[in-house]
Each structure stands twice: as C-alpha cells, then as structure tokens.
Amino acid sequence: LAVQSRMDDESLGKLLNEERKIFKVITTGMNMANGKQASFVSLTQFGREIPFAGMNEVGLTVDLLQLVEAEFPTALDEEANSVNVVQWVQYQLDTAASVDDVIESLKRVVPMPMMASTERVHYFVTDAQGDCAVIEFLNGRAVVQHGTAATQCALANSTWADSQASLA
C-alpha cells in the first residue's frame, strides 16, 4: 500500500492513463529509445510524460517528493544516459516491473535536473511484491535505502534518515 498526501491545493493536477506498446524517444541531451512495456496511470500537474507519481499495470509505483538536500551528479559515466528528474518517474513506469528493476536501471539511466536550484527531489518506489526503496541523490551520488535498511518505508520532504528519526 502506497499512500501519498499533497498539501498544496493550488493545482489539482491530472490523472492520465496510457496504453502499452507505444514507442517513445526521450530527448534530454541524448536520444534514448524507450520501448514502452507497461500501461500505467500517473498523476501530473503539467501534462503527459512529466508525472510526479504513478503506478503501472504490474503494480510498480514511483513517486517523487521535494528534498532540499538533493544534489544530483554533474557528470555521467560513459555507459549512462540521463533524463530530467521528473521524466525519470515516467521512464520507470514505462520499463520497470519491480523495485529491483528500478535500482538496477540507475546504472543505465540517471535523473538529472535541468535547473539544479529548483529540481531537488527524491523518490519513493514500491512494487506488487511489497518491496520498497527510497532513492536519494546526496553529494552527487545515488543513495538507495532498500531491503533491511528500508524496513520502515516512510518518507517525507526530508532525507530518509531524518524521516526515520521522526518515527522514533
């Protein structure tokens, strides 16, 4: 069960549904073919392909939350591609089936902000098997809380460690 609360009522956003078998090309600095594998529903404030949260047909959920402390990488390994921090949610809904898939994808596709001063987020990921993970970018690298480290999967607009401390 994934529960989300949005406190800002200034924009209600949109609920979108996309069917599978759509071929997309994501362009952010590099062209990256993205053959869509799953249909999904997503929540967005701005429009298609830029969701803040969603769930695909196999039960994977990806949500982003504000994180002032977020610091994304400024350069990538030669094997990696990048997408915008919001498009990364879409990429995962399109291609991943599990939390493990999402974590593994960090080797190939890294979220990077277009405007680092305003796009400061972290991610909460769950799947149909009951697995969950928190993915944060701190000091320019991915920090993943998964498995026994994330047994209490609760997250707020603060780091995972600070979110856990508030439960104590």
Query raised in the report: Do we find a residue being at pLDDT 85 or above and among the small types (Gly, Ala, Ser) anywhere in the range 71-90?
Result: yes
Query raised in the report: If we keep just the residues of the range 52-81 that are in a loop (DSSP other than H, G, I, E, B), under 18 Å from residue 106 (Cα atoms) and touching a residue at least 40 places away in the same chain (Cβ under 8 Å), which is most open to solvent (accessible area, probe 1.4 Å)?
Result: 74
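Yes/no matrix, rows are residues, columns are (1) surrounded by 18 or more Cβ atoms within 10 Å (Cβ to Cβ); (2) within 14 Å of the chain's Cα centre (by Cα); (3) at pLDDT 95 or above; (4) more than 17 Å from residue 86 (Cα to Cα):
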position	(1), (2), (3), (4)
101	no, yes, yes, yes
112	yes, yes, no, no
117	no, no, no, no
120	yes, yes, no, no
124	yes, yes, no, no
129	no, no, no, yes
133	yes, yes, no, yes
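The values are calculated or read from the model by the stated rules, or taken from the named source; none is laboratory data. This one's a predicted model, so the numbers in the text were calculated from it and none came from an experiment. Every residue, glycine among them, receives a Cβ derived from its backbone with ideal geometry; neighbour counts consider all protein chains shown. To get the accessible areas, we keep the full protein, side chains included, count just its heavy atoms, and leave off ligands, DNA and RNA. Shrake-Rupley method; radii C 1.70, N 1.55, O 1.52, S 1.80 Å.
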